[in-house]
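Data block below; observations after.
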Amino acid sequence: MALLEEGERRFRYPVGLELPQDLRVLLQALHVLGGSYERDEKAALLQVRGRGAGPLRGRLDLGSNATLLRFSIGICTVLGGELELDGSPQLRRRPIGPLCALVQDLGAHFSFSQTPGHLPLHFRAPGLRSRGTWGTPIVVDPSAGTQGASGLLLGLAALGRGAHLHCPSAKGDTHPYLLLTGEALEVMGYPACRSEAGTLVLPSRSPRPQPGGRSPAGGDIHVPRDPSALAFALVVAALQSRECFFPGPLLGVSHPDLRILEDLREMGHECEATPEGLRFRGRGAGAGDLCIQDLDLRPDSFPPLSLLCVFREGVHVLGDAPRLRIKESDRIGALAQGFRSLGIEVQEREGGLRIRGGWTPKGEGPKELDPRGDHRMAMVFLLLSRLGGLHTRVLGESCVEKSWPSFPRFLKEVGVGDGRTED
């Protein structure tokens, strides 16, 4: 969003954060699209200079950053411009046909140079500046991905035009990821969006955000911790019966991955979220059957919850998340294959898994586990191997750099697998 403004924005992020690969790709894209940034690592400060809400033009190497892919398509649809988009072989395998079909209805044109519905992609859009029906909702099928809808919302906010985006969840209310984007805009000084029966209403921008990147309340913008990574840390603390504190604010209240706090409370763990941070007390793996079926709205919770289910006594069902099949890997298939090789009883379903928990490692385990180049699968398998006291090698474990470069160091600091802990 800072790229689409004139002037500068200052972001403060958690001290000690190593920039994940996805963020490094995004910062490189800022340069290509006409913005710039400076990073003060010691002060944990990122200063971004924007280039305004003009058309986007450039060639982006997206690496494995699917979020940037979908956001850039949504933003360019609104602002107009022409983009050449390509990425890693892994990103090329991920389908984007449904998103392209959505923006085609809004005047965008695109061509696939190799495989229909997949990168590489040439994208061109006239923009929506002259759109005459701003009161007519833009209808977004959530199956096309909510990140494209969020990109549309950011572009519309940059234009300062009011709009309606209809993107309902399975319950008929506004999809939580779109609400989260609206919350982020409000933090940056834009008027608050409102939700009406599955539709997010974006007001016209009045007044404009204050010059120099300051929100109306003043001060820098503080970037919270990533709830998808936090979920892994919480599960480790739960399994180790640890008491811990995670300083700093949590990401917007609408973030669906934070619902893992409710899951953990129901299992008997203690969670207390305060303005200063999150206090947590783990109670061990525990026992009792689990059935969690709402994971379509929070698919990043699936991998850490599956890890917890492996150790928890009982028969557990995680489901209703078929889009896990088209993430960085087929995550349902990858987890099922890895669990079976460890002797864990698991049944694979179209949208989830049925796991018989209470796993106790027998023997040395397999020599290798294959995360299929997927950072979250690598995290699960590294934890399983070390928590189980195995000497199993995780192939290509460096793929965790996509979202959490210091994950191996985190494991060492919490003593997973080596009997040592550091507070």
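Below, the figures for the structure above:
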{"quantity": "Answer residue from region 32-77, given it is closer than 25 Å to Thr146 by Cβ and among the charged types (D, E, K, R) and is surrounded by the fewest Cβ atoms within 10 Å (Cβ to Cβ) among those", "calculated": "Asp61"}
{"quantity": "Test: residue in region 253-271 that is assigned to a loop (DSSP other than H, G, I, E, B), in contact with a Ser or Thr (Cβ under 7 Å, 6 or more places away or on another chain), crowded, with 20+ Cβ neighbours inside 10 Å and at pLDDT below 95", "calculated": "no"}
{"quantity": "Residue in region 352-394 that is modelled with the highest pLDDT, counting only those that are over 28 Å from the mean Cα position of the chain (by Cα) and of a type in the set (A, V, I, L, M, F, W, C)", "calculated": "Trp359"}
{"quantity": "Filter result for Gly373 (touching a helix residue (DSSP H, G or I) at 6+ places or on another chain (Cβ under 7 Å) and assigned to a helix (DSSP H, G or I))", "calculated": "no"}
{"quantity": "Residue that is nearest to Gly172 (Cα to Cα), among those in region 279-311 that are out of contact with any helix residue (DSSP H, G or I) (no Cβ under 9 Å at 6 or more places or on another chain) and in a loop (DSSP other than H, G, I, E, B)", "calculated": "Gln293"}
{"quantity": "Residue match in region 222-239 (condition: farther than 18 Å from Ala273 by Cβ and either at pLDDT 90 or above or not assigned by TED's automatic domain parsing to the domain that holds Gly50 (or both))", "calculated": "yes"}
{"quantity": "Tabulated pairs, region 403-416, first closer than 24 Å to Lys327 by Cβ and surrounded by 15 or more Cβ atoms within 10 Å (Cβ to Cβ), second at pLDDT below 90 and of a type outside the set (S, T, N, Q), C-beta under 7 angstrom, 6+ apart or interchain", "calculated": "Pro405/Glu18; Ser406/Glu18; Leu411/Gly417"}
{"quantity": "Selection count where residues are of a type in the set (S, T, N, Q) and either in contact with a Phe, Trp or Tyr (Cβ under 8 Å, 6 or more places away or on another chain) or surrounded by 14 or more Cβ atoms within 10 Å (Cβ to Cβ) (or both), scope region 324-368", "calculated": "3"}
{"quantity": "Qualifying residue in region 322-343 (condition: more than 30 Å from Gly365 (Cα to Cα), acidic (Asp, Glu) and assigned by TED's automatic domain parsing to the domain that holds Ser385)", "calculated": "no"}
{"quantity": "Members of region 285-300 that are modelled with pLDDT of 95 or more and either in the same structural domain as Ala184 (by TED's automatic domain parsing) or in contact with a Leu (Cβ under 7 Å, 6 or more places away or on another chain) (or both)", "calculated": "Ala285, Ile292"}
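For (1) out of contact with any His (no Cβ under 6 Å at 6 or more places or on another chain); (2) within 18 Å of Ala53 (Cα to Cα); (3) touching a residue at least 24 places away in the same chain (Cβ under 8 Å), each residue gets a yes or a no:
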site	(1), (2), (3)
Thr115	yes, no, no
Pro137	no, no, yes
Ala144	yes, no, yes
Leu159	yes, yes, yes
Leu178	yes, no, yes
Met188	yes, yes, yes
Ala197	yes, no, yes
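The values are calculated or read from the model by the stated rules, or taken from the named source; none is laboratory data. Here the structure is a predicted model, which means the values were calculated and not measured. Note that each Cβ is placed from the backbone with ideal geometry, even for glycine, and that neighbours are counted across all protein chains shown.
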